[in-house]
Amino acid sequence: MASLKSIKKRIVSVKNTRQITKAMKMVSAAKLRRAQENVVAARPYAKKLGEVLQSLAGNQEGDLHPLLEKREAKKLLLVVVTSDRGLCGGFNSNLCKAGDRYIKEKQASYEQISVMTIGRKGNEFFKSRYTIHKNYSNILAKPNYQTAAMIAQEIIDGFVAGEYDQVELLYNSFRTVMSQDITFQQLLPVLAETAAAVEETPVEYIYEPSVAELLAEILPKNIEVQIFKSMLESVAGEHGARMTAMDSASKNASEMIGKLTLQYNRARQAAITTELMEIISGSESIKG
Amino acid sequence: MAEKMKLEIVTPYSKVLDMEVDEVTATGKIGEFGVLPGHAPFLTSLRIGELTYKNNGITDHMALNWGYFEIQDDKIIVLVETAEASDAIDVERAKAALGRAEEALKKLTPEDKQHKIYEAALERALIRVQVAGKAARK
């Protein structure tokens, strides 16, 4: 049996760990609340913008804008949004694995697949496996719109220049505190609803200035907003995942402390018994 | 005036406004325009400018930064990057921004890449000061 001292040491160390996981849980809970508010606040904008875009693009035929252009998809860019920090359960690894599977599936039908990562964890995972197009790390602590706009501009430039023909976005969308959904979303070319959907809303809009000009402004905007939203969703999901992970870690630590304490008490009792035996047998021998 | 329009102003950070109004005026890409209930479906892009809405005779102003304006079935959706109510504008800050932009513009020529950015900043600051001024007079 392990010595009393070593058990005591372990109990102390597990207690320290529990202290940390508890603190991390608290921090995540606080951050989660803010992140969640941000997501909820951003959703209407993204949704409305999507609607405006649909009503614009859906009403028109032909290639009005380079971002709507459907080319033969040969080169795929996968944009993966992960977190910068670990210790959040399967949050990153699940997403990365899903991305990995997706790429393996698609490898046959594309000439070239490259990855753009937002967040350090995704970069670590993908850089040893595939070509990293570009990596953005440490921007998620405080996601802001300007950063998203910058990334969007990069993606758009690459698309227009023909570096890739299709862009997909992969991120954890925030569903509840306990669960995130792994989400694939096609960013480019922009998918406009086909004519069928338009017939339901045969509203004749007055456009000012022209449709083409409006589209030219709204399409890049939409990409920005989608990226911004995915960043927010991912951050909220990360905090949720971390909170859950840290909660269960704290629980496990408590359980372990219980077990170790039991062991410690047993060992202590055994030591006392042995000591007693020694004393008794000693005194017996003196008597005799 | 029984008929009203629903006005919603949304930015990427929050829903700024959601209320019933009688009349809205805004600055479109090619000029200022106003809408009243019963307006035909209309979609336009907005430039940096001012949005004014009237409700029960009370007029309010907002400083907007680049976005879209859509009206359909008396429902107005305004999608903008930033929207500030006239009484929420920090005049000191806006004036400081105005000064900064002016300074920067003096040093730059129109060919510079930065020129456009500062020009936009100048315009934003101007509108903010203007709108804030209207609130103070109210």
Along the positive direction of the dipole of the protein assembly as shown (beta-carbon charges: Lys, Arg +1; Asp, Glu -1; about the Cα centre), which of A:171, B:105, B:51 reaches farthest? A:171
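Let me know the shape class of the protein assembly as shown, please: from the alpha-carbon gyration tensor, a ≥ b ≥ c as square roots of the eigenvalues, rounded when a/c is under 1.5, otherwise prolate if a/b is greater than b/c, or oblate. Working shown, then result.
On the way: a/c = 2.74, a/b = 1.99, b/c = 1.38.
Prolate shape, in that a/c is at least 1.5 and a/b is the bigger ratio.
Would you mind classifying segment B:24-138 by shape? Square roots of the alpha carbon gyration tensor eigenvalues, ordered a ≥ b ≥ c; an a/c under 1.5 is rounded, otherwise it is prolate if a/b is larger than b/c and oblate if not.
It is oblate, given that a/c is not under 1.5 and a/b is not larger than b/c.
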Could you go through segment A:33-41 in sequence order and give the Karplus-derived ³J(HN,Hα) for each residue, using 6.51 cos²θ - 1.76 cosθ + 1.60 with θ = phi - 60°, rounded to whole Hz, and x for Gly and Pro? 4, 5, 4, 5, 4, 4, 4, 4, 6
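What average count of beta carbons from other chains do you get within 10 Å of the Cβ of residues in A:37-47? If you can, show how the numbers build up before the last one.
Values: counts 2, 3, 0, 2, 7, 6, 3, 9, 11, 3, 1.
Taking the mean over all residues of the peptide, I get 4.
Relative contact order of chain A: what whole-number percent is it, with Cα pairs under 8 angstrom and at least 6 residues apart? Each step should come with its number before you reach the end.
Details: 391 pairs, mean separation 92.9, N = 288.
Once normalised by length, the contact order is 32 percent.
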Inter-label distance for residue A:256 and residue A:29, nm, one decimal - labels placed 7 Å from Cα along Cα-to-Cβ: 2.2 nm
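Taking the Cα centre of segment A:224-265 as origin and charging only Cβ (+1 Lys, Arg; -1 Asp, Glu), how large is the dipole, in debye to the nearest 20?
On the way: 4 positive and 5 negative charges, 43 e Å.
Computed about the Cα centre, the dipole is about 200 debye.
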Taking the Cα centre of segment A:73-156 as origin, work out the dipole magnitude from +1 charges on Lys and Arg Cβ and -1 charges on Asp and Glu Cβ, in debye rounded to 20. 120 debye
Between 0 and 90 degrees, rounded to the nearest ten: what's the tilt of helix A:91-106 against the longest Cα principal axis of chain A? 50 degrees
Per residue of segment B:5-11, in order, report the coupling 6.51 cos²θ - 1.76 cosθ + 1.60 (Karplus, θ = phi - 60°) as ³J(HN,Hα) in whole Hz, putting x for Gly and Pro. 10, 9, 10, 10, 10, 10, 10
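How large is the dipole of the protein assembly as shown about the Cα centre if only Lys and Arg carry +1 and Asp and Glu carry -1, each at its Cβ, rounded to the nearest 20 debye? Write out the running numbers ahead of the final one.
Values: 57 positive and 55 negative charges, 716 e Å.
The calculated dipole for the protein assembly as shown is roughly 3440 debye.
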Taking chain B as a Gaussian network, where each spring joins two C-alpha atoms under 10 Å apart, which residue of B:100, B:124, B:47 fluctuates the most? B:100
Picking from A:152, A:55, A:254, whose Cα lies most toward the positive end of the charge dipole for the protein assembly as shown (charges on Cβ: Lys, Arg +1; Asp, Glu -1)? A:254
Would you mind getting me the FRET efficiency between residue A:104 and residue A:71? Use the beta-carbon distance for r and R0 = 22 Å, nearest 0.05. 0.40
Out of A:12, A:81, A:190, any idea which swings most in a Gaussian network model of chain A, alpha carbons joined below 10 Å? A:12
Setting aside same-chain residues fewer than 8 positions from residue A:74, which lysines have a Cα under 17 Å from its Cα? A:104, A:106
Each residue of segment B:54-64 in turn: what ³J(HN,Hα) in whole Hz from Karplus with 6.51, -1.76, 1.60 and θ = phi - 60°, glycine and Pro shown as x? 10, 9, 6, x, 9, 9, 10, 10, 9, 9, 10
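Checking the a/c ratio against 1.5 first, then a/b against b/c, what shape does the Cα gyration tensor give for segment B:5-87?
Numbers: a/c = 1.33, a/b = 1.12, b/c = 1.19.
It is rounded, given that a/c, with a ≥ b ≥ c, falls under 1.5.
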Would you please state the base-10 log of I(q)/I(0) at q = 0.14, 0.18 1/Å for segment A:31-244, with intensities from the Debye formula using one equal scatterer on every alpha carbon? -0.86, -1.29
Taking the Cβ of residue B:43 as the center, what net charge do the other residues with Cβ under 9 Å away carry, scoring Lys and Arg +1 and Asp and Glu -1? -2
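I need A:210, A:93, B:45 ordered by Cβ neighbour count within 10 Å, fewest first.
On the way: A:210 10, A:93 14, B:45 21.
Starting with the residue having the fewest Cβ neighbours, the order is A:210, A:93, B:45.
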For a Förster distance of 41 Å, can you work out the FRET efficiency between the beta-carbons of residue B:130 and residue A:186, rounded to the nearest 0.05? 0.45
Please find, in a Gaussian network model of chain A (springs between Cα atoms separated by less than 10 Å), the residue of A:138, A:222, A:265 whose mean-square fluctuation is greatest. A:265
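FYI, it's all coordinate maths here, none of it is from the lab. What you see is a predicted model; the values in this text were computed from it and never measured. Glycine gets a Cβ as well: all are built from the backbone with ideal geometry, and neighbour counts include every protein chain shown.
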